[in-house]
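To start, the structure itself, in structure tokens.
The values are calculated or read from the model by the stated rules, or taken from the named source; none is laboratory data. If you're wondering where the values come from, they're calculated on a predicted model, not measured in any experiment. Positions of Cβ are generated from backbone atoms using ideal geometry, with glycine treated the same way; all protein chains shown enter the neighbour counts.
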Amino acid sequence: MKLDLWFRFPKSSVHWIGVVRLMLGIGLMGASYFALANSHNATRSHGHMAHTAESVVKGPANIHQATSVTASFDGQGRLWAVWIFGQALYVNYSDDLGKSYSEPVKVNQQAENISSNSEARPNIVVANNGNVYVSYAQNLEKRFSGNVRFSRSIDGGKRFSAPITVNDNREMIGHSFPVLAVNQQGDVYMVWLDSRDKVADQRINTRAEGFIGSSVYYALSDDEGLSFQSNVKIQDHSCQCCRIAITLDPHDLPVILWRHVYGADNRDHGMVRFVSKSKLAAPMRVTDDGWRINACPHHGPSLSIDKLDNYHMVWFTQGESRKGSFYAHSTNQGASFSEPVKLGDGSLPAQHPHVLAIEKNVYVVWKSFDGNETTLYVMRSLDRGRSWGRPTVIAKTANASDHGFLLAKDQDAFVSWHTVDQGQRLLKLDPVMFDDGTAVSTLSRGNY
């Protein structure tokens, strides 16, 4: 099986060793997950999906055999999911916490090459009025080129509009890694990575170092997703292949976190918050780990904000200051963060962490691979991230898997996890419910 990784290797042997370790430690199982799942989809869906007028699929498309499953609860507690099968995007829902799902609804009636990986995945959000919004990245013919796409349902997910391209630059270049958010007023925000400024710079400059990375752009819809306003650049020189984190603060405005390239090759993290519907504060640098690498880590951060406006973030680094996955919190809207807490016990790397804050409780989930099995861990703080219980094992697989993602339903926390052997799973936390019906009464509360 050939793994097509987006690494550009520097000449330094030290960097080379670091990149190889990164590939083996965090990329191999993820790449095999999508290779296996996509191979299955190709045989089941017979290549291109049929172009029919009927939205509800009666055929082979199935969430448990899909890729890039992304789930979200709506305000009424219904679990929604968007996923890729063959050359189509599908949406369905569950009213029994993932035990069963509705018939899947196809979003794109015209077959598309949809980006299917854990970092550049489709997204789904549901507005207060019941509108369902999805975003995804469409791969184009040229390598590393694409469009960010959007579709909506205004009838509760029964039918979806023909997808539109949101990036207003239509060159066959990179527009990808979109994320999506909708606030209580119904404003829809899409944020993505865009290479238009890099390409423009290459046309007029011949300097050796060139334009570093990509740029972060966003677009706003204030008419329930019917249309989007002009694209707005947030900042140049983002890392070009790590997922973006977006969440809403207590003022119902987006806060965005991404991996950024500082200087020539220092890959730390930048953050920006909206101060009004369409006005941004100045971007901030929120990590300073000194990870100098001329390569793409494929390892984006995660961000959650509690009702007291405390920011909780997790990220991965191989920097000079620290190595591994870490958690930190901010009580001043990202101006400064607490001392980072390293995730995992040190024997195995904690990979692709995700964070969720619910009142005083903060949860972090990650997975570790020992060469044979992937183990999903979670740990919890009862005091807004000031102290932590010990990590608890909540699931394992001997096969390939996607990342684990935390979801909130009222005061309850869940983990959405998709594996090749067991399909889509929704794991309830505290108590931790296992597949065989047994439960751990609570997450570990010992000092960590």
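Could you go through the range 160-181 and let me know if any residue there is of a type in the set (F, W, Y) and in contact (Cβ under 8 Å) with a residue 40 or more places away in the chain. Give the steps one after another, and end with the answer.
We begin by selecting, within the range 160-181, every residue of a type in the set (F, W, Y); these are 160, 177.
Now restrict to residues that are in contact (Cβ under 8 Å) with a residue 40 or more places away in the chain: 160, 177.
The answer is yes, given that some residue of the range 160-181 is of a type in the set (F, W, Y) and in contact (Cβ under 8 Å) with a residue 40 or more places away in the chain.
Among the residues in the range 274-282, are any among the hydrophobic types (A, V, I, L, M, F, W, C) and more than 22 Å from V179 (Cα to Cα)? Talk me through it step by step, then tell me what you get.
First pass over the range 274-282, keeping only residues among the hydrophobic types (A, V, I, L, M, F, W, C): 274-275, 280-282.
Narrowing further to those that are more than 22 Å from V179 (Cα to Cα): none.
Scanning the range 274-282, I find no residue that is among the hydrophobic types (A, V, I, L, M, F, W, C) and more than 22 Å from V179 (Cα to Cα), so the answer is no.
For the range 86-99, which positions are over 18 Å from the mean Cα position of the chain (by Cα) and in contact (Cβ under 8 Å) with a residue 12 or more places away in the chain?
Kept after step one, since they are over 18 Å from the mean Cα position of the chain (by Cα), are these residues of the range 86-99: 86-88, 92-99.
Of everything in the range 86-99, those that are over 18 Å from the mean Cα position of the chain (by Cα) and in contact (Cβ under 8 Å) with a residue 12 or more places away in the chain turn out to be G86, Q87, A88, N92, Y93, S94, D95, L97, G98.
Every residue in the range 213-230 that is on the phi < 0 side of the Ramachandran plot and either in a strand (DSSP E or B) or under 21 Å from the mean Cα position of the chain (by Cα) (or both), please.
Applying the first criterion (on the phi < 0 side of the Ramachandran plot) to the range 213-230 yields 214-223, 226-230.
Within the range 213-230, S214, S215, V216, Y217, Y218, A219, L220, S221 meet the criteria.
Can you tell me which residues in the range 354-373 are part of a strand (DSSP E or B) and under 19 Å from H329 (Cβ atoms)?
Pass one, the range 354-373, residues part of a strand (DSSP E or B): 354-358, 361-369.
Within the range 354-373, H354, V355, L356, A357, I358, N361, V362, Y363, V364, V365, W366 qualify.
Can you pull out every residue in the range 56-75 that is modelled with pLDDT under 95 and charged (D, E, K, R)?
Of everything in the range 56-75, just one residue is modelled with pLDDT under 95 and charged (D, E, K, R), namely K58.
With the condition kept exactly as written, say whether any residue in the range 210-220 is touching a strand residue (DSSP E or B) at 6+ places or on another chain (Cβ under 6 Å), surrounded by 14 or more Cβ atoms within 10 Å (Cβ to Cβ) and either closer than 16 Å to E112 by Cα or free of Cβ contacts under 8 Å to residues at least 24 places away in the same chain (or both).
Yes, that holds for at least one residue.
So is G130 in contact (Cβ under 8 Å) with a residue 60 or more places away in the chain and not in a strand (DSSP E or B) or not?
Numbers: in contact (Cβ under 8 Å) with a residue 60 or more places away in the chain: no; not in a strand (DSSP E or B): yes.
No, not satisfied.
Could you please tell me which pairs satisfy a Cβ distance under 7 Å, a separation of 6+ or placement on different chains, a first residue in the range 421-439 that is more than 15 Å from G98 (Cα to Cα) and at pLDDT 90 or above, and a second residue that is among the acidic types (D, E) and not in a strand (DSSP E or B)?
Every condition considered, no pair remains.
Where the second residue is of a type in the set (D, E) and the first is outside any loop (DSSP other than H, G, I, E, B) and lies in the range 281-294, which pairs have Cβ atoms under 6 Å and are six or more apart or on separate chains?
R292/D265
Anything in the range 249-265 that is under 22 Å from the mean Cα position of the chain (by Cα) and either surrounded by fewer than 17 Cβ atoms within 10 Å (Cβ to Cβ) or part of a loop (DSSP other than H, G, I, E, B) (or both)? List them, or say none.
D249, P250, D252, L253
So which of L407, L376 ends up being of a type outside the set (F, W, Y), assigned to a strand (DSSP E or B) and crowded, with 22+ Cβ neighbours inside 10 Å?
Of the residues listed, the single one that is of a type outside the set (F, W, Y), assigned to a strand (DSSP E or B) and crowded, with 22+ Cβ neighbours inside 10 Å is L376.
Quick test for you: out of S145, S161, pick the one residue that is hydroxyl-bearing (S, T, Y) and in contact with a Ser or Thr (Cβ under 8 Å, 6 or more places away or on another chain).
Values: S145 fails: in contact with a Ser or Thr (Cβ under 8 Å, 6 or more places away or on another chain).
The unique qualifying residue is S161.
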